[in-house]
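Structure, as structure tokens:
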Amino acid sequence: MDNLTHSLFGLTAARTPLGRSGRGTTVALLLASNAPDIDIVTTVGGAASYLHWHRGPTHGPLGIVGLAFVCALIARGIATWRQKPTDAPPGTLVSLWLVAMVGVLCHVLMDLPTSYGTRPFSPFSYTWFAEDWMPIVDVYLLAILGGGLLLTRRAARGGVDLRARNAALALVLMLANYGVRAVSHHQALASAPSVFAALPPRCASAVPEGSWIDWWPRPTAKTPRDASSER
């Protein structure tokens, strides 16, 4: 996913019950929703270095915990620095850390349903996982999240918290968008053989038919020549 979408998601999440974690929550979620893409710094080593590390450890378990902690520290520091006598106290470091972990985790989950995929278990396993449901930039997702934020400018009306209600509606529409794309993708694969009459045989190392998640690299089937070389 592109960083604009990640940012809009973080701002939307801050208008859900996650935002009750105290001052600094919005900053924590905004930073956390983009933090895994800090791997762009590896471009200093060249394009090959970036491709090697992109969506690697920063998108894995250590990245989720470590980057969330850094985001929480920054968010709490900003909230403390800008605090006024009439402001509520900043959220605790632990609460902001937990909220930031949600933000980083959602970033990884949003990268998973793209054709590029991600490596959610790195550095323990560098296997890629992907599901080709979403483009990197989805105009529908941008419209849903952006529109939801525009509708949350009014904090409340008639005793109803419109910010939370509209944020919840945006997240429901977001899930519906993912669901429609997933079903469409599955139907396209199912109808492809009849549309194209004949398809080439599947590779020996391909994911079994019916699998919702693709992954690579996979061990390839050995040929007789491979076996003879071992002997």
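The values are calculated or read from the model by the stated rules, or taken from the named source; none is laboratory data. In this text the structure is predicted, and so the values were computed from the model without any measurement. So basically every Cβ, Gly included, is an ideal-geometry build from the backbone, and we count neighbours across all protein chains shown. All accessible areas refer to the heavy atoms of the entire protein, side chains included, with ligands and DNA or RNA removed. Shrake-Rupley method; radii C 1.70, N 1.55, O 1.52, S 1.80 Å.
In summary, Leu162 fulfils each of the numbered conditions (1) at pLDDT below 85; (2) closer than 22 Å to Thr5 by Cα; (3) open to solvent by 80 Å² or more (accessible area, probe 1.4 Å) with the single exception of condition (3). When Asp39 is tested against the conditions (1) within 25 Å of Leu141 (Cβ to Cβ); (2) surrounded by fewer than 17 Cβ atoms within 10 Å (Cβ to Cβ), the lone failure is (2).
Residue under question is Thr5, and the condition is that it be of a type in the set (Ser, Thr, Tyr), open to solvent by less than 50 Å² (accessible area, probe 1.4 Å) and either at pLDDT 95 or above or in contact with a Ser or Thr (Cβ under 6 Å, 6 or more places away or on another chain) (or both); does it hold? Taking the combined requirement at face value, the residue satisfies it.
If you go through region 68-95 and pick out every residue that is surrounded by 20 or more Cβ atoms within 10 Å (Cβ to Cβ) and under 22 Å from the mean Cα position of the chain (by Cα), you end up with 4.
The rows are residues; the columns are (1) hydrophobic (A, V, I, L, M, F, W, C); (2) in contact with a strand residue (DSSP E or B) (Cβ under 7 Å, 6 or more places away or on another chain).
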residue: Arg20; (1), (2): no, no
residue: Arg23; (1), (2): no, yes
residue: Val41; (1), (2): yes, no
residue: Tyr50; (1), (2): no, no
residue: His59; (1), (2): no, yes
residue: Gly63; (1), (2): no, no
residue: Gly66; (1), (2): no, no
residue: Ala75; (1), (2): yes, no
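For region 56-84, the tally of residues that are out of contact with any Gly (no Cβ under 6 Å at 6 or more places or on another chain), touching a residue at least 12 places away in the same chain (Cβ under 8 Å) and under 18 Å from Met101 (Cβ atoms) stands at 16. Elements of the type helices (runs of 4 or more DSSP H) sitting completely within region 1-97 and holding at least 1 residues that are closer than 22 Å to Val172 by Cβ: these cover 3-13, 25-32. Within this structure, Gly19 fails the test of being open to solvent by less than 20 Å² (accessible area, probe 1.4 Å), modelled with pLDDT under 95 and not charged (D, E, K, R). State whether the residues of region 132-144 include one that is of a type in the set (A, V, I, L, M, F, W, C), without any contact (Cβ under 8 Å) to a residue 60 or more places away in the chain and either crowded, with 20+ Cβ neighbours inside 10 Å or not in a helix (DSSP H, G or I) (or both). Checking region 132-144: at least one residue is of a type in the set (A, V, I, L, M, F, W, C), without any contact (Cβ under 8 Å) to a residue 60 or more places away in the chain and either crowded, with 20+ Cβ neighbours inside 10 Å or not in a helix (DSSP H, G or I) (or both). Quick check on this structure: which one of Leu31, Leu98 is surrounded by fewer than 20 Cβ atoms within 10 Å (Cβ to Cβ), of a type outside the set (Lys, Arg) and under 18 Å from the mean Cα position of the chain (by Cα)? Only one candidate qualifies: Leu98. Restricting region 105-131 to residues that are part of a loop (DSSP other than H, G, I, E, B) and small (Gly, Ala, Ser), the residue that is nearest to Gly63 (Cα to Cα) is Ser122.
In the set Ala221, Ala155, Ala204, Ala188, only one residue is over 28 Å from Phe9 (Cα atoms), open to solvent by less than 80 Å² (accessible area, probe 1.4 Å) and at pLDDT below 85; that residue is Ala221.
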